[in-house]
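The structure under discussion appears below in the form of structure tokens.
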Amino acid sequence: MSIRFDILSLFPDFFTSPLNAGILSRAIQNGFAEVKITNIRDFASGRHKVVDDMPFGGGPGMVLKPEPVVAALESIILDGRKSIRILLSPDGRKFNQEFAGELLRYDQVVLICGRYEGVDERIRANFVDDDVSIGDYVLSGGEVAAIVILESVVRLVKGVIGNEESIHAETFSRSLLDYPQYTRPREFRGYNVPEVLVSGNHSEIKKWRMLQSLEKTLRKRPDLIDKAKNCGYLTEEEITILKKVQKETIN
């Protein structure tokens, strides 16, 4: 399986380092992902290649013009692929692990990086399929968000991660936070690894990790517990442990 990403940005050089390091670099080199960066400014008209203008009605900042963005979009060759065009915007749909999995259904994902005070609303209303935010905060542009989405999706492509079991055990994969991890040395400055993890008893280790994951999620992100239950992610054993943890917490 291979997935293609087309990223539209005013700052294509931003992506040089991220695409040449770690998982993204290996995925591209091994043919699991293809990434093409399109410079929106190349599609602006006039001598100065202006891509923004003042907002109608007044107000601070500048707005990204529709002409260069739409022209850049229309330049992308789709080749009959199943594709989705996404505008990266702070007021868009919240991106999460579930959404990352949804994007695997597409052969091609187009990410449009917003800038300035935003983009002309006609772009959002008529030329994209969805608008997406990676969190409730404001960035200077969508480039950082594009990398976040790119890596979170690419690592789910079959073959990208060597041990695929690790994907299913990760935080948010089942709407639960991950259990604590430890490695050598066994003792560090007086702090020791929990005995159960070095006991060799795999059944007890599994139970300990399950308990830690549930306790951690209940403490830090109780909203995820409800989602896990409603979506049927929890096993009968986990439900039993969860009830016990909740009861102890109340008492």
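Determine if the stretch 146-157 includes at least one residue that is part of a helix (DSSP H, G or I) and modelled with pLDDT under 95. Working first, answer last.
Taking the stretch 146-157 first, the residues part of a helix (DSSP H, G or I) are 146-154.
Then drop every residue that is not modelled with pLDDT under 95, which leaves none.
Among the residues of the stretch 146-157, not one is part of a helix (DSSP H, G or I) and modelled with pLDDT under 95, which makes the answer no.
Can you tell me which of 40, 3, 28 is within 17 Å of the chain's Cα centre (by Cα) and of a type in the set (A, V, I, L, M)? Please lay out each step first, then the result.
Working: 40 fails: within 17 Å of the chain's Cα centre (by Cα); 28 fails: within 17 Å of the chain's Cα centre (by Cα).
Exactly one residue qualifies, and that residue is 3.
Among the residues of the stretch 232-245 satisfying the criterion of being assigned to a helix (DSSP H, G or I) and free of Cβ contacts under 8 Å to residues at least 24 places away in the same chain, which is surrounded by the fewest Cβ atoms within 10 Å (Cβ to Cβ)? So that I can check it myself, show each step before the final result.
Step one: list which residues in the stretch 232-245 are assigned to a helix (DSSP H, G or I), which gives 236-245.
With the extra rule that they be free of Cβ contacts under 8 Å to residues at least 24 places away in the same chain, the set shrinks to 236, 239-240, 243-244.
Values: 236: 7, 239: 13, 240: 11, 243: 10, 244: 12.
Among residues in the stretch 232-245 that are assigned to a helix (DSSP H, G or I) and free of Cβ contacts under 8 Å to residues at least 24 places away in the same chain, the one surrounded by the fewest Cβ atoms within 10 Å (Cβ to Cβ) is 236.
The values are calculated or read from the model by the stated rules, or taken from the named source; none is laboratory data. Computed from a prediction, not measured in an experiment: that's the story for all the values here. In this analysis, Cβ positions are derived from the backbone assuming ideal geometry, glycine residues included, and neighbour counts consider all displayed protein chains.
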